[in-house]
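None of the figures in this text is laboratory data; all of them are computed from the coordinates on show. Computed from a predicted model, the values in this text were never measured in an experiment. Cβ coordinates were reconstructed from backbone atoms using ideal geometry, including for glycine residues, and neighbour counts include every protein chain displayed.
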Amino acid sequence: MNYINDRRSIRKYKPQIVDKKLIDEILNAAILAPSAKNRQPWKFIVYSETTKDEVLAEMEKGLLKTKEKLKNIPNSEYIFSDAFNTLRIMREAPTIIMVLNTNGSSPFADIDTFARMTEICDSLSIGAAIENMLLKATELGLGTLWIANTSYAYNELVSYIGTSAQLIGAVALGYADEAPSPRPRKGLDEVVEYR
Ligand SMILES: Cc1cc2nc3c(=O)[nH]c(=O)nc-3n(C[C@H](O)[C@H](O)[C@H](O)COP(=O)(O)O)c2cc1C
């Protein structure tokens, strides 16, 4: 099986819950990722079908607040219809894993160039961990969605989670109730230059 080819973003889930053993396998794959200076700046908070309602209610509050605040920016309508659609998907998925950067500060903080460079490296490390999760889940017959729309409810989510770490995003996890075709990709001719 080629899990890189088979992985898809899944936006429809069956109600079937995911066994903790499988979630642990996925998180074990996450922590095998490389990280800048081996800092391993990740933390994962798993919300199950019994605990995710409250955190998602906070996300809804945050999205509504930010939508009102940003109603005049270009593309606001598209941004928030997409964000609310993501919330709907998160409500359907039986497991939501919030992903934090334990070394990061709030995106609203004024940080210097050195701190920003460190943060870029930590974000990349966490991206590698998330990709490992998605590929392991594919191998285990599970569907995933990598989510960044949590950022439109940033303050509400970190306050509910009760953390001073930086919220990077979330991963929705469950049994897929759809089998999407591959989404388009740019060709190598568009993205690669041999010099
Ligand atoms: C950093 C990142 C954030 C994303 N955030 C969201 C999101 O909030 N909601 C959503 O529906 N999809 C989200 N996606 C999924 C992308 O839309 C998806 O990966 C892309 O369209 C390609 O489709 P594929 O994953 O099926 O190949 C995100 C993906 C990445 C890598």
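How many angstrom lie between the Cα centre of segment 26-84 and the Cα centre of segment 126-173? About 6 Å separates the Cα centre of segment 26-84 from the one of segment 126-173. Ordered by the count of other Cβ atoms within 10 Å of each Cβ, fewest first, LYS186, LYS67 give LYS186, LYS67.
Remark: segment 3-179 projects, on average over all directions, an area of 10.5 nm² (convex hull of Cα atoms).
What number results when the radius of gyration of segment 58-106, computed over Cα atoms, is divided by 2.2 N^0.38 Å? Mind dumping the intermediate values first?
Numbers: Rg = 13.0 Å, N = 49, 2.2 N^0.38 = 9.7 Å.
Cα-based Rg divided by the globular estimate yields 1.35.
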